[in-house]
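Each reported figure results from applying straightforward, stated rules to the coordinates on display, with no laboratory input. In this text the structure is predicted, and so the values were computed from the model without any measurement. With ideal geometry, Cβ positions are generated from the backbone for all residues, glycine too; neighbour counts draw on all protein chains shown.
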Amino acid sequence: MFDSCLKCEICYENCYLEQMGISSFVRLPLHDDATGIWNCSNCWTCHDICPVGIPLMDLKWQIQQTLEPPSKYKASLQNILRYGYCLPIEPDDMNPFRMDDGLEPITLADTTIIAALLRIK
Ligand code: SF4
Ligand code: SF4
């Protein structure tokens with residue numbers, strides 16, 4: 001899959017997560033280490049900067065299809081499906097505070113639309 005990788009580390013040096021000390025997807029072509037794959041923010045820098053044109057993001061998504069996501073990732077997905085946000089948003093809890101401040105109440109997006117956007121049946 002990464003046969004043409006030069007091990008030049010350009011992807012690593014330009015991954016902002018790695019520069020902050022957070023393991024990311026780029027460890028996979030370099031060190032055969034997939035532990036950071038779920039931290040990746042999909043900024044596409046590694047994909048765009050690879051000097052030999054390895055389609056890193058395409059490969060990342062292919063690989064993720066074969067892996068079990070970590071529990072925190074699944075929890076975020078469940079929140080997105082229910083609320084439209086990564087974190088729980090309860091309009092009944094939030095709206096009294098918003099209305100006290102003169103703001104419009106929030107409503108949640110239709111979950112069928114969210115599922116359709118995520119291509120989840
Ligand atoms: S930039 Fe491309 S060739 Fe260089 S280490 Fe990363 S994946 Fe390999
Ligand atoms: S797409 Fe992911 S691995 Fe690639 S540079 Fe961005 S955060 Fe790093």
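Before moving on, here are some points about what is shown:
- Backbone phi angles across the range 44-52, fed through the Karplus curve with coefficients 6.51, -1.76 and 1.60 (θ = phi - 60°), yield HN-Hα couplings of 6, 4, 4, 4, 6, 9, 4, x, 10 Hz in residue order; Gly and Pro are listed as x.
- Cα convex hull of the range 10-65 - mean projected area over all directions, nm²: 3.4 nm²
- Relative contact order of the chain, pairs being alpha-carbon contacts under 8 Å that are 6 or more residues apart, as %: 16 percent
- Distance (nanometres) between label positions extended 7 Å along Cα→Cβ at ASP92 and LYS72: 3.0 nm
- Gyration tensor verdict on the range 71-117 (Cα atoms; rounded if a/c is under 1.5, prolate if a/b is larger than b/c, oblate otherwise): oblate
- Computed lengthening from ILE10 to ALA34, 0.36 nm per intervening residue step minus Cα-Cα distance: 6.9 nm
- Whole-angstrom gap from the range 31-58 to the range 89-121, using each part's C-alpha centre: 33 Å
- Calculated SAXS-style log₁₀ I(q)/I(0) at q = 0.15, 0.18 Å⁻¹ - the range 6-121, Debye, Cα scatterers: -0.79, -0.94
- Residue-span extension gain [ILE63 to ALA109] - 0.36 nm each, minus C-alpha spacing: 13.5 nm
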